[in-house]
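What follows is a single structure, written as structure tokens, with notes after it.
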Amino acid sequence: ELKVEQNPLFLSMQEGKNYTIYCNYSTTSDRLYWYRQDPGKSLESLFVLLSNGAVKQEGRLMASLDTKARLSTLHITAAVHDLSATYFCAVDMDTGANSKLTFGKGITLSVRP
Amino acid sequence: DVKVTQSSRYLVKRTGEKVFLECVQDMDHENMFWYRQDPGLGLRLIYFSYDVKMKEKGDIPEGYSVSREKKERFSLILESASTNQTSMYLCASSFLTGSGANVLTFGAGSRLTVL
């Protein structure tokens, strides 16, 4: 059974500082996804990482994937209030038409002045 | 933009009632999914479907069934609702890109309360 773990589950960040959050998974996969959820809203796709060493950046967020370590990191540069949200990572268990995503529990980020 | 529409944002039902949650997507996606989201537990997959009339159990299918009679519509059915099925239900659809990515597009969610 695939397990996806995120830590920490809650992170209070200070504006302007850098932070890194982590996503570990338990079985071989080279497809990892990051989603963002704002309070009361649904999930939106942030990043798609499809190979070992993949790195994607969008604004102050940068995601990377190490398939050998079964680890993805989401780095936040100079945190701002707009980044306050819950971030989920998800891993593909199968490839092909029957692909399904297993999600972590999510990390809630709160940026304070 | 792909749209995934869930018919009800909020429902209140009584224990033992039959509950239908409807989901429609408008971009001809092959794959559709039902997840439930609970505080501290993240998203858990209930059922998914990769084709019309096809369905696959997810991680927590007990107490649920699904129906996919048309490609655009995927329904989640609670045959006899129980209080432990009080949750936020999220529908999603996707297709596989040429690179093998399976990016889900989610609906707004249906918050079900079972009394």
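Values in this text are rule-based calculations from the coordinates and carry no lab data. Everything quoted here is computed from the prediction, not taken from an experiment. Please note: Cβ atoms are built from the backbone with ideal geometry, for glycine as well, and neighbour counts cover all protein chains shown.
Side notes on the structure shown:
- Shape call, chain B: gyration tensor on alpha carbons, a/c limit 1.5: prolate
- Top of A:90, A:54, A:63 by mean-square fluctuation, Gaussian network on chain A, Cα under 10 Å: A:54
- Placing unit charges on the Cβ atoms of the charged side chains and taking the dipole of chain A about its Cα centre, the candidate lying farthest along the positive direction among A:18, A:89, A:76 is A:18.
- About its Cα centre, the dipole of chain B is roughly 320 debye, where the only charges are +1 on Lys and Arg Cβ and -1 on Asp and Glu Cβ.
- Each Lys and Arg adds +1 at its Cβ and each Asp and Glu adds -1 at its Cβ; summed about the Cα centre, the stretch A:4-112 shows a dipole of about 120 debye.
- Here A:89, B:91 are placed in order of increasing Cβ neighbour count within 10 Å, fewest first, which gives B:91, A:89.
- Whichever lysines have a C-alpha closer than 21 Å to that of residue B:57, once near sequence neighbours (fewer than 8 apart) are set aside: A:3, A:100, A:105, B:18, B:70, B:71
- Cβ-based exposure ranking for A:75, A:81, B:29, in which fewest neighbours within 10 Å come first: A:81, A:75, B:29
- Only the Cβ atoms of Lys and Arg (+1) and of Asp and Glu (-1) were treated as charged; on that basis the dipole of the protein assembly as shown about its Cα centre amounts to roughly 380 debye.
- Mean per-residue shielding of peptide A:27-37 is 2, counting Cβ atoms of other chains within 10 Å of each Cβ.
- Sorting B:34, A:34 by the number of Cβ atoms found within 10 Å of their own Cβ, with the fewest placed first, yields A:34, B:34.
- When you restrict to C-alpha pairs under 8 Å that are six or more residues apart and normalise by the size of chain B, the relative contact order lands at 35 percent.
- Under 5 Å, built H, 5+ apart or other chain: amide partners of residue A:84: A:111
- Fluctuation leader among B:58, B:98, B:42 - chain B, Gaussian network, Cα springs under 10 angstrom: B:98
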